[in-house]
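Data block below; observations after.
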Amino acid sequence: MGLFGNAHTVDVGAAQRDFARLLGHGEQVHAAFQLVRDTILFTDRRLILVDKQGITGKKVEYHSIPYRSITHFAVETAGTFDLDAELKIWISGSPVPVEKTFTKGVDIYEVQAILTQFVAR
């Protein structure tokens, strides 16, 4: 599990099973990342942010972002002293980006390629 809220890669098959109730008919998970308690899913239709709330994490918010509503995004690679990479996603109608931090073990270029594949449709 990642420390300090930073994301790490999750097995796609496990994410497909664990979040099957969230997915539409035929919807496929292409990549998944786990934060301390939250999860980020990249499906073939949308980006899903799973936000566990409260002390127990029993209350969960599922935020679905259709790729067509993403106006632009940015990635910042890890540096020599800052070992984390960052992803910022701007959604139409919101001036503030959604920001996620990924540990050094996550290939931020892969994350960028996934977004490019789906946003450019």
**Study point:** Lone qualifier among 56, 77, 39, 43 - being crowded, with 16+ Cβ neighbours inside 10 Å and modelled with pLDDT under 90
**Key:** 39
Practice item. Find the residue count for the range 15-36, including only residues that are surrounded by fewer than 12 Cβ atoms within 10 Å (Cβ to Cβ) and not in a loop (DSSP other than H, G, I, E, B). Key: 3
Revision key, fill the gap. Scanning the range 71-121 residue by residue, those over 12 Å from the mean Cα position of the chain (by Cα), among the polar types (S, T, N, Q) and part of a strand (DSSP E or B) turn out to be 71
Exercise for review: Quickly run through the range 87-100 and pick out the residues that are surrounded by fewer than 17 Cβ atoms within 10 Å (Cβ to Cβ) and at pLDDT below 90.
Suggested key: 99
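The values are calculated or read from the model by the stated rules, or taken from the named source; none is laboratory data. Fair warning: this is a prediction, and the values are worked out from it, not measured in the lab. All Cβ positions, even for glycine, are placed from backbone atoms using ideal geometry, and neighbour counts span all protein chains on display.
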